[in-house]
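Everything below concerns the one structure shown next.
Every read-out reported here was derived from the displayed coordinates using simple, explicitly stated rules and does not represent laboratory data. Predicted model, so just to flag it, every value in this text is computed and none were measured. Every residue, glycine as well, gets a Cβ built from its backbone with ideal geometry; the counts of neighbours run over all protein chains shown.
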Amino acid sequence: MKDAASAEVVDRESSPGAERESLADALNEPGTEERRGRRKRRSRARARTISIRRLSKAELNRGRELYPEIDYWKPKSRSECKDMERPCPFVSCKYHLYIDVHPVRGSIKLNFPDIEIWEMTETCALDVADRGGITLEDVGEIMNLTRERVRQVETAGLARLQEYRDVDRLRDYVS
């Protein structure tokens with residue numbers, strides 16, 4: 001019995017490629033991915049954050065020269081932008097999905113670094129909200145986040161809303 005087991009180990013060590021091929025074949029069998037419940041990997045590039053603190057003064061000045069702050073018309077309410085062209089050209093809007101600007105640090109997060117704005121299918125978070133309930137998977141695809149991260153943000157938002165409800169109940173006792 002011991003000799004048969006050691007002979008099997010020797011056979012495996014002498015032909016490691018054969019075992020790898022069989023493992024690779026087993027992993028590539030149709031239906032194995034469905035049985036395990038795994039999802040496909042994300043096809044988009046991860047979001048990239050640009051820290052203002054890491055930019056040199058020369059880079060900041062060059063940015064000011066290339067893109068001066070100009071007063072131009074932009075929508076101030078949802079009713080003004082609801083029927084406008086899509087994709088939305090107003091990237092500076094806080095509801096635009098292309099970039100996020102941190103209010104304290106000023107860092108810029110490019111949510112879709114691999115595509116241009118006009119290539120996006122959805123550009124406004126308010127348009128997505130107007131559509132109604134969608135799955136975590138769909139929200140993750142629209143915002144370039146994983147399904148788990150979308151779930152975490154949803155949970156945190158619901159917890160904040162619950163805190164506000166509790167505070168409102170306490171105000172009745174204070175007044």
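Per-structure values
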| read-out | value |
| --- | --- |
| Cβ-derived FRET efficiency at R0 35 Å, Ala129 paired with Val104, nearest 0.05 | 0.90 |
| Segment Asp168-Ser56, length gained on full extension (0.36 nm per residue, minus Cα span) | 35.7 nm |
| Distance (nanometres) between label positions extended 7 Å along Cα→Cβ at Thr155 and Glu65 | 5.0 |
